[in-house]
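Here's the structure, in structure tokens; my notes come after.
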Amino acid sequence: MPALEQLSTVVIDCADPAALAAFYQKATGWEITYSDQDFASLGAGDGTPVQLAFVRVEGYQAPGWPDGAKHTHLDFTVTNLEGATEELLGIGASRHEFQPGDGQWIVLTDPEGHPFCLTPVTTGN
């Protein structure tokens, strides 16, 4: 048996956990499971074991994009790449002019500057 059995939570540093959780709640449809001024979390509510959480860091500074100093980003699959992009821009995401991948994916940043990627759902042949 491996030492690590299940990834439970991806925790993201930020300035305003409640606001960032609200953005991802709108983006994913997941439920906010806890929220205060220092910590917030959300999960799918369907038994999916992985949650997103946000923790307040004093003096938080967003990672740059593109910037080799960033260490982590989230990837989400979507059925309609352009439609999802427009919806996310409408709730507070931003789209940087630098877009690697020749249109295979789209890089957005959340309201606190964390980059995340949208990739189209692929079906196996």
Practice item. Taking the residues in the stretch 48-95 that are among the aliphatic types (A, V, I, L, M) and under 11 Å from P115 (Cα atoms) as candidates, determine which candidate is surrounded by the fewest Cβ atoms within 10 Å (Cβ to Cβ). Key: L74
Review point. Counting only residues that are among the hydroxyl-bearing types (S, T, Y) and either touching a residue at least 60 places away in the same chain (Cβ under 8 Å) or part of a loop (DSSP other than H, G, I, E, B) (or both), how many does the stretch 1-50 have?
Key: 3
Exercise for review: Just one of (1) at pLDDT below 95; (2) of a type in the set (S, T, N, Q); (3) under 25 Å from G29 (Cβ atoms) trips up Q61, so point out which.
Suggested key: (3)
Exercise for review: Output the residues belonging to the stretch 51-64 that are assigned to a loop (DSSP other than H, G, I, E, B) and either basic (K, R) or in contact with a Lys or Arg (Cβ under 6 Å, 6 or more places away or on another chain) (or both).
Suggested key: P63
**Study point:** Candidates T33, T28 - the one that is within 14 Å of the chain's Cα centre (by Cα), hydroxyl-bearing (S, T, Y) and surrounded by fewer than 17 Cβ atoms within 10 Å (Cβ to Cβ)
**Key:** T28
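The values are calculated or read from the model by the stated rules, or taken from the named source; none is laboratory data. All values derive from a computational prediction rather than experimental measurement. Using ideal geometry, Cβ is built from the backbone for each residue, glycine included, and neighbour counts are taken over all protein chains shown.
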